[in-house]
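Here is the structure we will look at.
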Amino acid sequence: MTDKKELQKLFKQHYRQMYRLATILLHDDAESKDVVHDIFVHLLDSQIDLEEKTAESYLLTSVRNRCLNVFRSRQIQERVEHLYFLELDTTIMPTEHFEEELRALYNGIDQLEPPVCRDIIMLHFREGITFKEIATRLGVSETTVYKHLRRALSQLRIHLNK
């Protein structure tokens, strides 16, 4: 859609309805605004010509689909976090053992394959970067980041249990 006036008209006509649907599906005000905003940004960047007859159904379907993508992203993130926290050991150990474990952990990180797993671990746990920022920085999807993180954590568990 190249005509900004048409896009502005669509925004004024359908924003409330799109936002309401996103809020009903996501139960999150900020995320709902982001979903609707992303749809209009996509329309602005793309060459899609919407007819007045089909614009409403197209926009509401887009909201539904984007909300489903948010759900999938949440589920993957929750599964990764769940797997990570299941493996945490909360026993107290003497300092010598802790230092040995720490050395073993760093050696394990250095041996992670493929190298993107090592990069993701370092970016997230050492630099404190969010998964979304990592995905943007590496030019991959958040799902790919979660999959590589899961692979890296599995490799580290195996390395530390040797």
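Just so you know, all these numbers are worked out from the coordinates, no wet-lab data involved. Values in this document were obtained by computation on a predicted structure and should not be read as measured data. For neighbour counting, all protein chains shown are included, and Cβ atoms are generated from backbone atoms with ideal geometry for every residue, glycine included.
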- Item | In nm, spacing of pseudo-spin labels at Asn69 and Asp29 (7 Å Cα→C-beta vector) | 2.5
- Message: For a Förster distance of 25 Å, can you work out the FRET efficiency between the beta-carbons of Asn161 and Glu81, rounded to the nearest 0.05?
- Response: 0.75
- In the structure shown, of Lys9/Lys132; Lys33/Lys132; Lys4/Lys33, the pairs separated by more than 29 angstrom at the C-alpha atoms are Lys9/Lys132
- Task: With r as the distance between the Cβ atoms of Arg103 and Ile48 and R0 = 45 Å, compute the FRET efficiency 1/(1 + (r/R0)^6) and round to 0.05.
- Result: 0.25
- Whole-Hz ³J(HN,Hα) from phi, Karplus 6.51 cos²θ - 1.76 cosθ + 1.60, for segment 126-136, glycine and proline x: 8, 9, x, 7, 6, 4, 5, 5, 4, 4, 5
